[in-house]
Amino acid sequence: MMGFYFAQLLTGLANASSLFLIASGLSIIFGVTRVVNFAHGSLYMLGAYIAYSLVTTLPGVFGFWTGVILAAVATAFIGAAIEILILRRIYHSPELFQLVATFGVVLIVQDAALAIWGSEDLLGPRAPLLDRAVRIFGEPIPEYDLALIVIGPVVLGLIWLLFQRTRWGILVRAATQDREMVGALGVNQHVLFTSTFMVGSFLAGLGGALQVPRESVNLLMDLNIIGQAFVVVVIGGMGSVTGAFVAAVIISVANAFGVLVWPQISLILPFLVMAVVLIVRPYGLFGTPASAHGASVPEAPLRAMPPAGIAVAAIVAVGAALLPLADDGFLLVLGIDLLVAMLFAASLHLLMGVGGMVSFGHAAYFGLGAYAAALAVKSLGLPMLPAMLLGPVAAAFGAMVFGWFCVRLSGVYLAMLTLAAAQILWGITFQWQSVTGGDDGILGVWPARWASDRAVYFYIALALCGAGLLIIRRIAHSPFGYVLRGGRDSALRAEAIGIDLKAHQWLGFILAGALAGVAGSVFVFSKGSVFPDTLAIGHSVDGLIMVLLGGVQSLLGPLFGAAAFVLIEDWVMRLDHWRAIFGVIILAIVLLAPDGIAGGVGRLLTLLRLRRPA
Amino acid sequence: MLEVTALNTFYGGAHILRDVTLAVGPHEVLALLGRNGAGKSTTMRSVMGLVRPRSGRVTFAGADMTGAAPYKACRAGLGYVPEDRRVFRELTVAENLEVGRREARPDAPSWSVDQLFGLFPNLAERRGTAAGRLSGGEQQMLTIARTLMGNPRLILLDEPSEGISPLIVEQMAQVIGEMKSRGLAVMVSEQNLHFARLVADRAVIIEKGEVRFEGTFAALDAAPEIARETLAL
Amino acid sequence: MSAVLTIDKLTKRFGGLTAVSDVSFALKAGEFLALIGPNGAGKTTCFNMLNGYIKPDGGTVALKGRPITGLAPRAVWRLGVGRTFQITQTFASMTVAENVQMALISHHRRTLDLFSRASRLYRAEAEALLSRVGMLGEADRAATALAYGDLKRLELAVALAHAPTVLLMDEPTAGMAQAERTALMALVADIVAAEGLSVLFTEHDMDVVFNHAHRVLVLNRGELIAEGTGEEIRANATVQAVYLGGGTLSSFGATPPQNGGVSP
């Protein structure tokens, strides 16, 4: 029995090594560039694919290890290309832009990997000379696991030496604290940032390459690892390599033993560990409260909508209400999609634009709303309207639980925690087959008979989403909305005028979650089905792109953004390589139109007003 | 040595510097005076390449430096000491100095770690301490020492006396004197006319981004209304 | 005068370093009290323990006899202690008036109101406060558009919104020009006199300290080394040695002012 537990411990430690490699790279890159690199999982996946190609070609022991190292080096150069072509241009942008841009890279890499290596899972060879098991306390332990257990601490030691004992390391640590100052002291930041990005990419590539003998290489590796890597970085403390190591060990070992008690625990265990750590140490085990915020652009005060604006809004509303008269098929479906997207984007904007809490996992609450409504119909047998009510209630409950932790943090920490929370909910819907149907989703969730006519359901959607949008607008102008804005502008000042900011942010988080849940409820009855991808990272990023497209600075922005997004998506999804094309579109938007559609319209209006003689 | 000609700098839509023209000669200490928000820091940041001026020219030792990256300005011999003491808080004193270290240059005084520890004895005692744990005055000294490690020919000091105690301000004046005697040119921005008078050879006053006065302190005293209006004395 | 704020044996350690050590003093009703000392002497730490931003390791703070040690900043504020910051903290995306209205909304506990229009609440009170600090003309400008000196005035109006009994000001004149410093402190002195408010402030500008403070406390290496009137502090040899120096840089010398130090 003793031997069995020891074997579990060793398995945990072996898993920790690879998790540590990817998380440390993420942490180092964040420390210097302040970019949350979503594409880090893609680098890990590329490392694995390239290593697979190399070790299946190069012979023998020498060939295996050469292949692993070469794969990591190749990944480092791919990382350098990403840094030079894309990230260098957006270092001074708000974190949202950076995240969305790196997600564009994720999409492009996915399509590239699909084109090169195909969609089949690839099983790599065992590592030569390490392909057997040794018996420790009577239990068989793979030799390769033992090698991994050694590699982790060795790499940690090497990174430590690199950072503490070389001039390059001192410069990197200095840049982590104040990059502008490092430049003013004569250090070429381009070289420093690119080299840092290469080191981080090398570690991700190495982590991926070392996994080849242990598990199959596939196209899901990128997003599967990134959520875990974020959790490790947050637990360890952003920018701390030692922290990443300790956190990787804690999570992997806890997992190895946790699965003995309950096999599905690996889905929620990282989050539980993170929750405990963040309550005790809000900046992670080895983190410091150094700035976790990206650049922010000062926003103009809110003004009431001018009469002309109200008139335009009324015309749009009447136009929407008359839509069923014009058409009963395609346009109505698109119209419902638009309404759902607008409410989803506006609820996210309430959280991040008004509240300054950037969420990378807002789809979780949309998905909760959708699943709760679907389950209410299918499992509880409730009629449509009560089921639709249950959607936002469930979403609010989820937002209440996760939000309690999230609002304890700010900036990138908060964003990463929201993402981790969404990943956990996604994992639960994916794995809990008996209730959620797993990958097959829940089918046959259709509106009640009285609402089965497209036009009737369109009016329901219009009423619910329209009411949601009005409520959001009202909140933004209310004292509560002002408190959120104030907390975003200066948390110090909010606290100094007697405001319990965290409590208000928590309520804001719950409200935004509930409104996303309304969108989810409307969505599920319009589609008749729901699948785990409604909660997936991809859908959260869709919301972010909508907000970004419309412009974060404007209350109307998310409406424009959602409309543009739905139309673009409707077109792109019909094309081959739609992921890559979509990725390129995202990059183009981030690099070329940083203030979104509403920003562009605003600039145009200013221009027209200037032309008109006053 | 440093010539700034008709510099115009914007932050977003705000026009911060309007046709700023000034020059610093070799071995000269120039005081850049003006109120908060007058454009002192922006002038320095424009010279250093930390913001890109929209028009105008910056030449240093005969070379055009307009809009060059900060690291190029530094390598050309410009040293920059920012306001608000931006030390690398988690690095030790010695590591902070290492970040600033550059090769000696033939045309400028060169500084070694030992010389700087001689000039700033407090820092010598605390070389292994994280900079974030130094007192405010010591941090201010460290930012200057760190910049001197780059062996600059001209040093830009942004409000060195702001927010530190009177005793340290006096030490700061001595340090500026020492830099001048070693052959450095200095441009120091100040709101405190007393301090400027103590350390500088000549003054430039800017207000709302425009140069309002340029000349010696004697000339400034001869026209007291200028100082009263622009510095709100 | 009775004590409004009583500080008794306040102590704070960071790691091995004692930042504030056994500091005791009292702020009396209607008093304008300055806290000075070298950088790193523990002024800010001391300050932050008074308004709840840092929990002390030892000692007590009492407001009118009621212990407030270790309360959250917002609880301290509710009991009537306002503050301004060394680096101004205002709501950048709001107008000047809205900044003050926020403080009033919080004071009247309306922050959970989801449906009123915030910009219409307590507008008149906000205007009265703004006119008190001479900022009424700027009421509808964006806070970001203000000059630095005006931001300081706005902060003062915000800090006065809940009619505090004690106002804590951390380096109120940092970064201001001489005339603005004098004007701001004259305004504060005026409010102190008119409303019986008690003010504790930290400051590096000795002109401001000696012109306005009723009494001065000197902190060095976490300990209170002197306490007295401006005259007494200037004449104190220890204070000269650790802090004031030769007095070449302010119009007050270490000895009573002759002709403004080295200025002609």
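The values are calculated or read from the model by the stated rules, or taken from the named source; none is laboratory data. Keep in mind that what you see is a predicted model, and the values were worked out from it rather than measured. With ideal geometry, Cβ positions are generated from the backbone for all residues, glycine too; neighbour counts draw on all protein chains shown.
At a glance:
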| quantity | calculated |
| --- | --- |
| Subset of segment B:157-190 [of a type in the set (A, V, I, L, M) and either in contact with a Ser or Thr (Cβ under 8 Å, 6 or more places away or on another chain) or assigned to a helix (DSSP H, G or I) (or both)] | B:Leu157, B:Leu167, B:Ile168, B:Val169, B:Met172, B:Ala173, B:Val175, B:Ile176, B:Met179 |
| Residue identified as at pLDDT below 90 and buried (at least 16 other Cβ atoms within 10 Å of the Cβ) among C:Ile68, C:Ile36 | C:Ile36 |
| Which listed residue, of A:Tyr49, A:Tyr5, is in a helix (DSSP H, G or I), touching a residue at least 24 places away in the same chain (Cβ under 8 Å) and either closer than 14 Å to A:Gly205 by Cβ or among the aliphatic types (A, V, I, L, M) (or both) | A:Tyr49 |
| Among residues of segment A:512-552, those that are farther than 15 Å from A:Thr418 by Cβ and hydrophobic (A, V, I, L, M, F, W, C), counted | 15 |
| Residues located in segment A:333-385, provided they are polar (S, T, N, Q) and either buried (at least 24 other Cβ atoms within 10 Å of the Cβ) or not assigned by TED's automatic domain parsing to the domain that holds A:Gly543 (or both) | A:Ser347, A:Ser359 |
| From C:Ser24, C:Ser116, residue being outside the structural domain of C:Val216 (by TED's automatic domain parsing), among the hydroxyl-bearing types (Ser, Thr, Tyr) and farther than 30 Å from B:Ala130 by Cβ | C:Ser116 |
| Meets criteria (at pLDDT below 90, more than 23 Å from A:Arg303 (Cβ to Cβ) and either buried (at least 22 other Cβ atoms within 10 Å of the Cβ) or outside the structural domain of A:Phe366 (by TED's automatic domain parsing) (or both)) for A:Val445 | yes |
| Residue that is crowded, with 24+ Cβ neighbours inside 10 Å, in contact with a strand residue (DSSP E or B) (Cβ under 9 Å, 6 or more places away or on another chain) and either at pLDDT 90 or above or acidic (Asp, Glu) (or both), where the choices are A:Ala23, A:Ala51, A:Ala72, A:Ala16 | A:Ala51 |
| So B:Ser181, is it small (Gly, Ala, Ser) and in contact with a Gly (Cβ under 8 Å, 6 or more places away or on another chain) | no |
| Residue check for C:Asn99: in contact with a Phe, Trp or Tyr (Cβ under 8 Å, 6 or more places away or on another chain) and either within 14 Å of chain B (Cβ to nearest Cβ) or surrounded by 24 or more Cβ atoms within 10 Å (Cβ to Cβ) (or both) | yes |
| Lone qualifier among A:Ala415, A:Ala395, A:Ala341, A:Ala420 - being within 26 Å of A:Leu556 (Cα to Cα), assigned to a helix (DSSP H, G or I) and under 15 Å from the mean Cα position of the chain (by Cα) | A:Ala415 |
| Unmet criterion (only one of (1) over 26 Å from A:Leu162 (Cβ atoms); (2) at pLDDT below 90) for A:Val253 | (2) |
| Options A:Gln431, A:Gln505; residue that is under 25 Å from the mean Cα position of the chain (by Cα), within 14 Å of chain C (Cβ to nearest Cβ), surrounded by 15 or more Cβ atoms within 10 Å (Cβ to Cβ) and among the polar types (S, T, N, Q) | A:Gln505 |
| Test result for A:Gly200, of a type outside the set (Asp, Glu) and either closer than 24 Å to A:Gly169 by Cβ or touching a residue at least 12 places away in the same chain (Cβ under 8 Å) (or both) | yes |
| Qualifying residue in segment C:106-115 (condition: buried (at least 22 other Cβ atoms within 10 Å of the Cβ), touching a helix residue (DSSP H, G or I) at 6+ places or on another chain (Cβ under 8 Å) and part of a loop (DSSP other than H, G, I, E, B)) | yes |
| Qualifying positions in segment A:230-241 - over 13 Å from A:Tyr413 (Cα atoms) and either within 14 Å of the chain's Cα centre (by Cα) or not in a helix (DSSP H, G or I) (or both) | A:Ser240 |
| Unique residue being of a type in the set (D, E, K, R), more than 12 Å from chain C (Cβ to nearest Cβ) and farther than 20 Å from A:Leu348 by Cβ when the list is A:Asp439, A:Asp500 | A:Asp439 |
| Members of segment A:375-388 found to be assigned to a helix (DSSP H, G or I) and touching a residue at least 40 places away in the same chain (Cβ under 8 Å), listed by number | A:Leu375, A:Val377, A:Lys378, A:Met384, A:Leu385, A:Ala387, A:Met388 |
| A:Val154 being within 14 Å of chain B (Cβ to nearest Cβ) and either among the β-branched types (Val, Ile, Thr) or under 26 Å from A:Thr288 (Cβ atoms) (or both) | no |
| Among residues of segment C:47-68, those that are in contact with a Lys or Arg (Cβ under 8 Å, 6 or more places away or on another chain) and away from every other protein chain (no Cβ under 14 Å), counted | 6 |
| Residue check, C:Arg83 within 14 Å of another protein chain (Cβ to nearest Cβ) and either touching a residue at least 60 places away in the same chain (Cβ under 8 Å) or under 24 Å from C:Asp207 (Cα atoms) (or both) | yes |
| Residue selected from segment C:195-221 under the condition in a loop (DSSP other than H, G, I, E, B) and touching a Leu at 6+ places or on another chain (Cβ under 9 Å), by the criterion farthest from C:Lys43 (Cα to Cα) | C:Leu197 |
| Unmet requirement for A:Arg214, which otherwise passes all of (1) in contact (Cβ under 8 Å) with a residue 40 or more places away in the chain; (2) assigned to a helix (DSSP H, G or I) | (2) |
| Residue check, A:Asp533 within 23 Å of A:Asp222 (Cα to Cα), in the same structural domain as A:Ile336 (by TED's automatic domain parsing) and at pLDDT 90 or above | yes |
| From A:Gly583, A:Gly561, A:Gly550, residue being out of contact with any strand residue (DSSP E or B) (no Cβ under 6 Å at 6 or more places or on another chain) and either over 14 Å from A:Leu343 (Cβ atoms) or aliphatic (A, V, I, L, M) (or both) | A:Gly583 |
| Test: residue in segment C:118-138 that is within 14 Å of chain B (Cβ to nearest Cβ) and surrounded by fewer than 22 Cβ atoms within 10 Å (Cβ to Cβ) | no |
| Verdict on A:Ala395 being surrounded by 24 or more Cβ atoms within 10 Å (Cβ to Cβ), over 27 Å from A:Leu99 (Cα atoms) and at pLDDT 90 or above | no |
| Some residue of segment A:135-144 being away from chain B (no Cβ under 14 Å), over 30 Å from A:Leu419 (Cα atoms) and in a helix (DSSP H, G or I) | yes |
